Amino acid sequence: MSRTRAEAASGPGPTGPDDTSHAERAHRHRWLILGVLGLAQLMVVLDVTIVNIALPSAQADLGFSDGDRQWVVTAYSLAFGSLLLLGGRIADLFGRKVTFLAGLVGFAAASAVAGAAVNFDMLIVARALQGAFGALLAPSALSLLTTTFTDPGERAKAFSVYGAVSGAGGAIGLLLGGVLTEYLDWRWTLYVNLVFAAVAFAGAVALLARTARDRSVTLDVPGTALVTAGLFAVVYGFSNAEHQDWGAPATWGLLIVGGVLLAAFAWWQTRSPHPLLPMRIVADRNRGASFLGMLIASGGMFGVFLFLTYYLQTGLDYTPIESGLAFLPMVGGLVIAATLATNVAVPRIGPRLVVPVGMAIATAGLVWMTTLDLSSSYAGHILPMTVVAGFGLGLVVAAAMSLGTLGVSVHDAGVASATVNAMQQVGGSIGIALLNTLSASAATDYLSGRDPRDPAVRAQAALESYHTAFWWSAGIFAVGAVVTVLLYRRGAPKELSGGAPTIHM
C-alpha cells in the first residue's frame with residue numbers, strides 16, 4: 001500500500017514481506033473492513049441506549065430500586081469514558097488488530113454475563129466490564145479505519161459512513177431495544193452483542209492486516225493514572241447529581257477533584273518523556289476544535305435521544321417499538337448530512353462553516369421541540385423536528401470524527417482515535433446527568449402548589465421537564481456553534497484537497 005512521501009524518502013518501513021502481503025490484501029478488501037469496523041462501533045455505541053427501554057423489565061426481574069436503576073447506564077459510561085485514553089495507547093503499544101480482537105471477545109463475554117445476571121450487583125459489574133472492553137475496542141476500530149483509508153476521497157466516504165453509524169447508534173439502540181424487550185426478553189438487549197461480536201470477529205480475523213508492536217511507544221503510567229482518575233471523578237460527580245443535588249459534597253467534591261486531576265494530567269503531558277496524550281495531537285486547531293465539538297455535541301445529543309423517548313412513551317403512550325420507529329427519519333437525516341459533510345462540504349469549504357452550521361441546525365430543531373404538547377401529532381410535529389435535528393447532528397458528528405484523526409502520525413492513531421471517542425462518551429455522560437437534574441428540578445417546581453395526585457398535573461409536570469431539557473440542549477448546541485466557528489481554521493484541510501496524507505498502512 002502507498003506510503004507518504006516523507007516515509008518513502010526515509011527508507012523501508014518496519015514491516016517484513018509477510019506483513020506487506022497482509023497489508024496489500026487488507027487494502028483490496030478495505031470496504032469490507034469498513035463494514036466490520038462499523039459493526040463493532042455500532043455495538044459499542046448502541047449499548048449506551050439499548051438497555052434504556054429494557055430497564056423497567058430488568059428492574060422488575062431483579063428487584064432493584066429506582067435509585068439504583070441509573071447505575072445500569074452509568075456503570076458502563078464510567079468505565080468506558082475513564083479508560084478510553086488508556087485503551088487507545090494500548091492499541092498503539094500492542095497492535096491495533098490484536099487489541100480490536102481482544103476488545104470484541106471481552107465485550108461479548110461481559111455482555112453474556114450481564115444478560116445472565118441473577119442479581120443487581122452481577123449486572124452492574126458486568127456492565128462496567130462492558131465499558132472497559134469497549135474502551136479497548138472503540139479506539140482500535142477508529143484507528144484501524146484511519147490507517148486503512150488514506151486516499152482523501154475514499155477517506156471522506158469511509159468516515160461519512162462511520163460518522164453516521166456513531167451518530168445513529170443511539171437511535172438504533174432505542175429501536176432494537178424496544179423490539180427485543182417487547183418480543184423476547186430484556187436479557188436479549190445484552191445477548192444480541194454476541195451476534196454482533198461474532199460477525200465482527202470473523203471478519204476481522206479474515207480481513208485485517210497484522211500490525212507490528214510499536215516498540216518506540218512506552219506507557220505513561222503517571223499520565224494514565226491521572227487521566228483515568230480525573231475522568232472517573234468528573235463523570236461520577238455529574239452522575240451523582242442525578243440522585244442527590246449539586247450542593248452534595250459527593251457531587252461538587254468529585255467535580256473539583258476531577259478538574260484538578262485533569263489539569264495535573266495536562267501539565268504532566270508537557271513534561272512526560274512518553275506522554276499518553278501528546279500535546280501535538282490537541283495543539284492542531286482543527287483537531288482540537290473537533291474534540292471540543294464532539295464533547296459539546298454529545299452532551300446536547302441526549303436532549304434528543306433520551307428525553308424525546310421519555311416524551312413519546314410517557315406523554316403520548318407510544319410502545320417501545322413505536323418509539324424506536326419514530327426515530328428512523330432522524331437517522332435518515334443524520335446519514336444524509338454525514339455523507340454530504342465528509343464527501344462534499346468539508347473537502348470544499350472546510351469545517352469552519354460546516355460544523356457551526358450543523359450546530360445551529362441542531363439548535364433550531366431542539367428549540368422547535370419545546371413547542372411539543374400532549375396533543376402533538378407525529379407527522380405534523382415530531383417528524384419534521386427530528387429530521388432537522390438529525391441533519392444538524394450528522395454535519396457535526398461526521399466532520400468531527402474525520403478531522404479528529406486527520407493528519408496524525410501512525411503511532412499516534414490509537415490515542416487520537418481514543419480522544420475522539422472519549423469526548424463523545426464523556427460528553428454524553430455529562431449530558432445525561434446535567435439534563436436529568438435540570439429536568440427533574442423543572443418538574444418539581446411545576447408541582448409546587450399543585451395536586452400531584454391529579455393525572456393531568458403530573459402529565460404537564462413531565463412535559464415541563466422535557467421542555468427544560470430541550471431548551472438546555474439547544475443552548476449547548478448554540479455554545480458549540482460559537483466555539484467551533486472561533487476554533488476551526490478557514491478553508492478546506494490540505495489533507496482533503498490533494499496533500500499527501502500522513503496516516504498510512
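Computed values, structure above
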item: Stretchable slack from residue 221 to residue 438, in nm (0.36 nm times residue separation minus alpha-carbon distance); result: 74.4 nm
item: Residue 198/residue 274 FRET efficiency (R0 56 Å; Cβ-Cβ; nearest 0.05); result: 0.95
item: The range 169-300: mean projected area of Cα convex hull, nm²; result: 12.3
item: The range 32-103 - percent of accessible surface contributed by carbon and sulfur, probe 1.4 Å; result: 65
item: Å² of accessible area per residue within the range 287-394, as computed with a 1.4 Å probe and no ligands counted; result: 33
item: Gyration tensor (Cα) of the range 284-371, equivalent ellipsoid semi-axes in angstrom; result: 29, 14, 11
item: FRET efficiency estimate (nearest 0.05) - Cβ-Cβ, residue 479 to residue 344, R0 22 angstrom; result: 0.25
item: Percent carbon-and-sulfur accessible area, the range 414-480, ignoring ligands, DNA and RNA, probe 1.4 Å; result: 62
item: Accessible surface ranking that places the most exposed of 97, 157 first, with a 1.4 angstrom probe; result: 157, 97
item: Exposure ranking of 252, 186, 268 by accessible area [1.4 Å probe, largest first]; result: 252, 268, 186
item: Integer Hz, Karplus 6.51/-1.76/1.60 couplings in order for the range 264-281, x for Gly and Pro; result: 5, 4, 4, 4, 5, 5, 7, 10, 5, x, 9, x, 5, 10, x, 5, 5, 6
item: Within the accessible area of the range 323-375 (1.4 Å probe), percent carbon and sulfur; result: 75
item: Pair residue 267, residue 447: separation of 7 Å Cα→Cβ label points (nm); result: 4.5
item: Order of exposure, largest accessible area first, which applies to 321, 33, 172 with probe 1.4 Å; result: 172, 321, 33
item: Distance histogram for the range 286-443 (every C-alpha pair counted, 10 angstrom bins, percent rounded to whole numbers); result: 11, 37, 34, 15, 4, 0
item: Label-reachable residues, the range 75-104, where backbone N falls under 14 Å from a point 7 Å from residue 250's Cα toward its Cβ; result: 75
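The values are calculated or read from the model by the stated rules, or taken from the named source; none is laboratory data. Here the structure is a predicted model, which is why all the values come from computation and not from measurement. Quick reminder, even Gly has a Cβ in these numbers, built from the backbone with ideal geometry, and neighbours come from all protein chains shown. Quick note on the areas: whole protein, heavy atoms, side chains included, nothing else; ligands and nucleic acids left out. Shrake-Rupley method; radii C 1.70, N 1.55, O 1.52, S 1.80 Å.
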